[in-house]
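I have placed the structure first, in the form of structure tokens, so that the comments after it can refer back to it.
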Amino acid sequence: MNVMVIGGGASGMMAALTASQSGEHHVLLLERQARVGRKLLATGNGRCNLTNQNTSPASYHGEDASFCSYALHVFGVRDTLEYFSSLGLLTVAEKSGRVYPFSDSANSVLDVLRLNLEQRSNVEMITASEVASLKRKNGVFTALAGDKTYRADRVIVCTGGVAGGKLGGTDLGYKLLSSFGHTRTKLYPSLVQIKTDTTLVRSLKGVRAQAVIRYGKEERSGEVQFTDYGVSGPAAFELSRSVSVGGGSGTLRMDLLPETSEQMLNEMLVKRCKALPELKAEELLTGILHNRLGKTILRACALRFDVPCKTVSEKELRQIAHTVKYFALPVQGVMGMDSAQVTAGGIRTTEFHERTMESKLCPGLYACGEVLDIDGNCGGYNLQWAWSSGHLAGELRGSE
């Protein structure tokens, strides 16, 4: 049987490897870019956070987020790690549950996938070949790419989403699947930087802090990086989906000293003022927060920098402590799709069988990965969905 895999990203490479495993199928992998796995190289800041030991269906989103449950069950984290080990990849897990290649380089993940694909005699990879159209007649699929026509009995669409256009994000998959009657949800950038009022953050560009950040009813903890347009970093990325889908308004609140209560911090400031009465007020938070961040907090409290600590009132000290624990930034939206790591939204999963990834509208047509309306939290969850869904689609079940 001839199998065509459209898209050479994470889910596409996994689907192709799985489909070729028995040796009974000829697998053609078509990639529109000059090489496979380009976006994979950028994941985890180039380290490739390939999965997370805490993966569960609760880590995913979509109109029907439960769609991912079966794929994650039949090819979960343990299966993924065993599979990559069989390909020759060594991995290491951090306390947070994030799993990285032992080499700490995304190249290692891509290399073992690519090398194993190249060693399979029944796999043909063609790069720089974008599929312009896909049709099915008399049970045979025909794909037109450039001036060439390819035919297959089964097709797996693994083209990803529109996020990260500079790295290969595309709407190709939506177009191909819509030609068979499939529909998609609205698309939003996710795992992306949050834009805020810049009055306070402009002077904080590059400053990092371990914080608890809140947006509406959601709360995340971890590293936050301030930028000249707002906030970035893992904790901000995790909240960005809610900001994006919610329309980009409201207030982002940060606890910049999560291990210290507001009362304890207030007592520390009182003691400092008593011990160093002539110390300039601008140094009140020195040693507690990053210098620039500390001064920004004082600026937010409208405190004069040049006065001695002995002149700072108890009310002002309480205000400083409160601001450190509830640092507020008015939200103005998120950065666009080109800056996003993941697309929230996609082809509706109600139009696919969750146990096979096969289309309900067109027998023999499969889809997996980010092209579908499933997206995960920050921390390896989206790559785990790529592996799980790609493996399930590559089994080509339900179509014999």
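Measuring from centroid to centroid over Cα atoms, what is the spacing of region 196-265 and region 130-159 in Å?
One Cα centre to the other: 45 Å.
Which one, Val312, Gly216, Leu252, is farthest towards the positive end of the dipole of region 208-324 when Lys and Arg carry +1 and Asp and Glu -1 on their Cβ?
Result: Val312.
Give the shape of region 255-400 as rounded, prolate or oblate, defined through the alpha-carbon gyration tensor: a ≥ b ≥ c are the square roots of its eigenvalues, a/c under 1.5 means rounded, and otherwise the shape is prolate if a/b is larger than b/c and oblate if not. All intermediate terms of the calculation are to be shown ahead of the outcome.
Values: a/c = 5.16, a/b = 4.04, b/c = 1.27.
The shape class here is prolate.
Please say if region 138-188 is rounded, prolate or oblate, where rounded means a/c under 1.5 for a ≥ b ≥ c the square roots of the C-alpha gyration tensor eigenvalues, and otherwise the choice is prolate for a/b larger than b/c and oblate otherwise?
Numbers: a/c = 2.76, a/b = 1.53, b/c = 1.80.
Note, shape of region 138-188 comes out oblate.
Just one of (1) 1.12; (2) 1.09; (3) 0.98 is Rg/Rh (Cα atoms, Kirkwood Rh) calculated from these coordinates, so which is it?
Matching the structure shown: (2).
Where the only charges are on Cβ atoms (+1 Lys, Arg; -1 Asp, Glu), what is the dipole of the chain about its Cα centre, to the nearest 20 debye? Before the final figure, lay out the partial values.
Numbers: 45 positive and 40 negative charges, 176 e Å.
For the chain, the charge dipole is close to 840 debye.
Might you report the magnitude of the Cβ-based charge dipole of region 283-349 about its Cα centre, with Lys and Arg at +1 and Asp and Glu at -1, to the nearest 20 debye?
Working: 9 positive and 5 negative charges, 27 e Å.
Roughly 120 debye, rounded to the nearest 20.
Round to the nearest 0.05 the FRET efficiency obtained for Asp153 and Asn107 when R0 = 35 Å and r is the Cβ-Cβ distance. Display every interim value, and only then the final one.
Values: r = 34 Å, r/R0 = 0.98.
According to the calculation, E is roughly 0.55.
Report the accessible area of Asp306, computed with a 1.4 Å probe over the heavy atoms of all protein chains in place, in Å² rounded to the nearest 10.
Accessible area of Asp306: about 90 Å².
Could you work out what % of the accessible surface of the chain is carbon and sulfur, using a 1.4 angstrom probe and leaving DNA, RNA and ligands out of the count? All intermediate terms of the calculation are to be shown ahead of the outcome.
On the way: 8260 of 17440 Å².
On the chain, the fraction of accessible area on carbon and sulfur atoms equals 47 percent.
Give the accessible area for Phe305 in Å² (nearest 10); use a 1.4 Å probe, count only protein heavy atoms, and leave out ligands, DNA and RNA.
We get 50 Å² for Phe305.
Which Cys in the chain stand alone, with every other cysteine's Cβ at 4.7 Å or more from theirs?
Singleton cysteines: Cys48, Cys68, Cys158, Cys301, Cys362, Cys368, Cys378.
About its Cα centre, what dipole magnitude does region 73-196 give when the only charges are +1 on Lys and Arg Cβ and -1 on Asp and Glu Cβ, stated in debye to the nearest 20?
Numbers: 16 positive and 11 negative charges, 125 e Å.
Value, rounded to 20: 600 debye.
Report Tyr100's accessible area, 1.4 Å probe, all protein chains in place, as a number in Å² to the nearest 10.
10 Å²
Would region 34-187 count as rounded, prolate or oblate if I go by the C-alpha gyration tensor, calling it rounded below 1.5 in a/c and otherwise prolate when a/b exceeds b/c, oblate otherwise?
On the way: a/c = 1.84, a/b = 1.41, b/c = 1.30.
Prolate.
The values are calculated or read from the model by the stated rules, or taken from the named source; none is laboratory data. Note that the coordinates shown come from a computational prediction; the quantities given were computed from them, not determined experimentally. When we count neighbours, we look across all protein chains shown, and the Cβ atoms used for this are built from the backbone with ideal geometry, even at glycine. For accessibility, only protein heavy atoms count, side chains too; no ligands or nucleic acids. Shrake-Rupley method; radii C 1.70, N 1.55, O 1.52, S 1.80 Å.
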